[in-house]
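Structure, as structure tokens:
Each reported figure results from applying straightforward, stated rules to the coordinates on display, with no laboratory input. Because the structure is a prediction, the values reported are computed rather than measured. Here the Cβ positions follow ideal geometry from the backbone for every residue, glycine too, while neighbour counts run over all protein chains shown.
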Amino acid sequence: MREYLIKSHKNFYTRLKDEKGDVPGWVLVVLMTTGLVTAIWTIAAPRLTAILKNSLDAMNGIR
């Protein structure tokens, strides 16, 4: 069992070191995610602000 774990560990790290990665792909994913978050936030910000303001005003009325 111990030999199997050592062999698996070495095999894993050998494959990990050989992995080059896809830098342009990651850059594209990050840029697209940033764009989507910005677009959704721009559309939703006024409504979220109104919801928060209404909630805080309601909490002030409880006191």
On full extension of the chain, what length is gained from L36 through H9, given 0.36 nm per residue of separation minus the C-alpha to C-alpha distance? 5.8 nm
Compute, for the chain, the length of the dipole vector about the Cα centre, with Cβ point charges of +1 (Lys, Arg) and -1 (Asp, Glu) only. Units Debye, rounded to 20. 220
For every helix of n ≥ 4 consecutive DSSP H residues, a contribution of -39,500 (n - 2.57) applies; sum these over the chain, divide by its total residues, and give [θ] at 222 nm rounded to the nearest 500 deg cm²/dmol. -32500 deg cm²/dmol
For mean projected area of the Cα convex hull in nm², one of [x] 9.9; [y] 4.3; [z] 5.9 was computed from the structure I shared and the rest are decoys. Which label? [x]
Taking +1 at the Cβ of each Lys and Arg and -1 at the Cβ of each Asp and Glu, which of I43, L28, G61 sits farthest along the dipole of the chain towards its positive end, judged by Cα position relative to the Cα centre? G61
